[in-house]
Every structure is written in C-alpha cells, then in structure tokens.
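The values are calculated or read from the model by the stated rules, or taken from the named source; none is laboratory data. Computed from a prediction, not measured in an experiment: that's the story for all the values here. Note that each Cβ is placed from the backbone with ideal geometry, even for glycine, and that neighbours are counted across all protein chains shown. Protein only, heavy atoms only, side chains kept; ligands, DNA and RNA dropped before computing areas. Shrake-Rupley method; radii C 1.70, N 1.55, O 1.52, S 1.80 Å.
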Amino acid sequence: ARDVFVPQILSEAWTSRGEKDEEYKFSMDYVPFDAVPALVKFGDLETLRWFMSQLISLVEQIKTKCCEPTLMKEIFPLFEAKKVAILSAISANKSSPSYSEEAFLIAELALSFALQVAKSHMDVKVPVGFCHGDLTFSNLLVNAKSRRIALFDFLDSFVESPLQDLAKLRQDTA
C-alpha cells in the first residue's frame, strides 16, 4: 500500500521505577492524522472506499511480498513458545487489580485450542515473514485529505506468521 507510512521514532528509552516496574518511552514525528473510528464515523463513502482499498492492498502485500510458505511442523515450536510467553506475561500481573484467574484460564484454554488445531495441520504450508504483531485500527492513523495512513506501535513485531496481523485486522472489521 503506497499510501501507508511509518512515522519516524526520534528517541526511545526504557526507564525503571522500581524492581519490576519499567516503562518504555519514545518520541516520534507529529502526524496530523485522525483515528480510524473518526474516519468511519465522519468519512464520506468515497473516503471509506479508499481506506478499505488501502487495507486490502496492505493485506495483499503482507501475503505476497513478506512471506515464505513454510510447513506448520517447522514453525509450530514458535507458536508453542508464544503461548508460554503470553501466559507468563499474564501470570506476572497476578498482583494487578485487573488480573482475573478466570480470564487467565480462558486465555489458556483458547491458546491450547489454537495449538491443537495447528497440530492437526502439520503438513499445511503457512506464510512466515514480518509480523507487526498488533495490526489493529488503534495502531493506524488516517489523513483523509492527503489520502495517507500512518502505521505505528511496532513493539510486538517479530518474524512469524503474518496471519496474526490479518486476524487482528479482521477482528476490527467484523
């Protein structure tokens, strides 16, 4: 998608506020764009069609240019490790008021089910390549006048299956 760009990060730093409490701070170019919900709420039909065509173009780029078809059995250990990392991150926040044992169990069940499905398709080829990791409308800004989209928040980026990005984007369009 030629109208999608990534704002430049000008500075970044990790700061520690105690034994386990860390923050990531950064500054980036000012982007005079709007959030996607504003575009959806106030945009005209032509602008919304442009936006959707850009999303489709971005998805096509992810599918065709960024990926190498790989057998599931070759990358399955990455998915298992991702499950462990997600559950560990949730468990690490047990002292947080927002922690819920029920939510943890639901996450564990959902991840186990996803791995079970993947395990039953070990000979299927899946795309492997760059993955934004959190490709949602909340990480896109839009300038309807200049017809440009800014993509940001690459903190969850990794090399894995970009199917995750497509699934997250689909979540926002369901």
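Do you know which residues across the stretch 65-88 are touching a residue at least 12 places away in the same chain (Cβ under 8 Å), more than 10 Å from Val128 (Cα to Cα) and either among the charged types (D, E, K, R) or out of contact with any helix residue (DSSP H, G or I) (no Cβ under 8 Å at 6 or more places or on another chain) (or both)? Residues satisfying the conditions are Lys73, Leu78, Glu80, Lys82, Lys83. Among the residues of the stretch 134-146, is there at least one that is closer than 21 Å to Thr70 by Cα, in contact (Cβ under 8 Å) with a residue 12 or more places away in the chain and among the hydrophobic types (A, V, I, L, M, F, W, C)? So far as the stretch 134-146 goes, no, none of its residues is closer than 21 Å to Thr70 by Cα, in contact (Cβ under 8 Å) with a residue 12 or more places away in the chain and among the hydrophobic types (A, V, I, L, M, F, W, C). Does Ser11 meet the test of being closer than 16 Å to Phe152 by Cβ and modelled with pLDDT under 85? Yes, satisfied. Annotation: Leu109 fulfils all but one of (1) on the phi < 0 side of the Ramachandran plot; (2) surrounded by 11 or more Cβ atoms within 10 Å (Cβ to Cβ); the unmet one is (2). Within the stretch 117-156, restricting attention to residues that are within 10 Å of the chain's Cα centre (by Cα) and aliphatic (A, V, I, L, M), the residue that is surrounded by the most Cβ atoms within 10 Å (Cβ to Cβ) is Leu135. Only one of the numbered conditions (1) of a type outside the set (D, E, K, R); (2) free of Cβ contacts under 8 Å to residues at least 40 places away in the same chain; (3) surrounded by 13 or more Cβ atoms within 10 Å (Cβ to Cβ); (4) within 14 Å of Phe79 (Cα to Cα) is violated by Pro162, and that is (2). Where residues in the stretch 16-44 are part of a strand (DSSP E or B) and modelled with pLDDT of 70 or more, which of them is most open to solvent (accessible area, probe 1.4 Å)? Among those residues, the one meeting the criterion is Asp34.
Quick one: would you say Ala103 is at pLDDT below 90 and over 25 Å from Phe33 (Cα atoms)? Answer is yes for this residue. Do we find that Phe76 is open to solvent by less than 70 Å² (accessible area, probe 1.4 Å), under 27 Å from Arg147 (Cβ atoms) and modelled with pLDDT of 85 or more in this structure? Answer is no for this residue.
Can you name every residue in the stretch 91-149 that is of a type in the set (Phe, Trp, Tyr) and part of a loop (DSSP other than H, G, I, E, B)? Hit for the stretch 91-149 is Tyr99, nothing else. Which of the residues spanning the stretch 57-73 are exposed (fewer than 11 other Cβ atoms within 10 Å of the Cβ) and in a helix (DSSP H, G or I)? Once the filter is applied, which keeps residues that are exposed (fewer than 11 other Cβ atoms within 10 Å of the Cβ) and in a helix (DSSP H, G or I), the stretch 57-73 yields Thr64, Lys65.
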